[in-house]
Amino acid sequence: MNKVFEADIENAIKVLYRRGDPTSYGKPALLSTVTRDGGWFGGRSSAPQMGDLSWSVLDESTFNSLCTHLTRTGFFGASAYYLNHAANVEYSKKALNGGILDVPTLFIEAKYDGTCATAASNLSEPMRRYCRNLTQCSVEAGHWVGLERPQEVNAAIARWLMTALPTSWPGHWTHPLVSNIA
């Protein structure tokens, strides 16, 4: 995988950081055919040419920064997260409270996420089973929901913090908000 991405880092980044596509909702994800098609990008040795960034979640500065850093470091570190399945299973066997979380938990779903498609599947059911104080919010965006819809994500987090944890804010009860708007 890393060799294919590193063969054309700029276009790989453009492919990986695209906006969510409402027309893809409920359809098989592009990633679902990687094995059948002989690898990433239909078995090609590099990412396809993608043109400008108009459909990307990245601005030009962030895109250039990613290109610079991934050219220097490669993709291994960025993708190594997915190599920990065996260690995660062993760790989960020792989880306190049987892995159940009773603390307030927020899940922000990306409705058009083809990588982690929770909106049109049962992929998030274990989370619902193990998070007993769960709040969920769905945002019409792709995999990079925080980059694609930052204002909606930040609003969801702020709203959740104030409703799920109101007494955790210093001065919440002793210093009420006052408005001078007529």
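Every number here is computed from the coordinates shown, using simple stated rules; none is lab data. Note that the coordinates shown come from a computational prediction; the quantities given were computed from them, not determined experimentally. Reconstructed Cβ throughout: ideal geometry from the backbone, glycine too, with neighbour counts over all protein chains shown.
Numbers at a glance
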| quantity | calculated |
| --- | --- |
| Neighbour-count order for Leu83, Leu66, fewest beta carbons within 10 angstrom listed first | Leu83, Leu66 |
| For q = 0.11, 0.13 Å⁻¹, Debye-computed log10 I/I(0) when each Cα of the chain counts as one equal scatterer | -0.68, -0.90 |
| Extension reserve of the Phe107-Asn122 stretch, reckoned as 0.36 nm per residue once the Cα distance is removed | 4.0 nm |
| Dipole magnitude of the chain about its Cα centre (Cβ charges: Lys, Arg +1; Asp, Glu -1), debye to nearest 20 | 500 debye |
| Considering only the chain, percent of DSSP beta bridges that pair antiparallel, nearest 5 | 10 percent |
| The range 93-168: relative contact order as a whole-number percent, Cα under 8 Å and 6+ apart | 34 percent |
| Which of Trp169, Trp160 has the fewest Cβ neighbours within 10 Å, and the rest in rising order | Trp169, Trp160 |
| Approximate spin-label separation Trp55-Met162, in nm, with each point projected 7 Å along Cα-to-Cβ | 3.7 nm |
| Taking the convex hull of Cα positions in the range 2-77, its mean projected area over all directions (nm²) | 5.5 nm² |
| Label-point separation, Tyr25 to Gln136 (7 Å along Cα→Cβ), nm | 1.5 nm |
| Proximal aspartates and glutamates relative to Lys27, as straight alpha-carbon distance under 18 Å, when same-chain residues fewer than 8 apart are discounted | Asp37, Glu109, Asp113, Glu140 |
| Viscosity 1.567 mPa s, 4 °C: Kirkwood-radius Stokes-Einstein D of the range 55-134 over Cα pairs, µm²/s | 81 µm²/s |
| Contact order relative to length of the chain, as percent, for alpha carbon pairs under 8 angstrom and 6 or more apart | 24 percent |
| Projected label distance in nm at Thr62 and Leu83, using a 7 Å step from Cα toward the beta-carbon | 2.7 nm |
| FRET efficiency for Thr71 and Ser32, using Cβ-Cβ distance with R0 set to 25 Å, rounded to 0.05 | 0.30 |
| Mean shadow area of the range 93-168, taken as a quarter of the surface of its Cα convex hull (nm²) | 5.9 nm² |
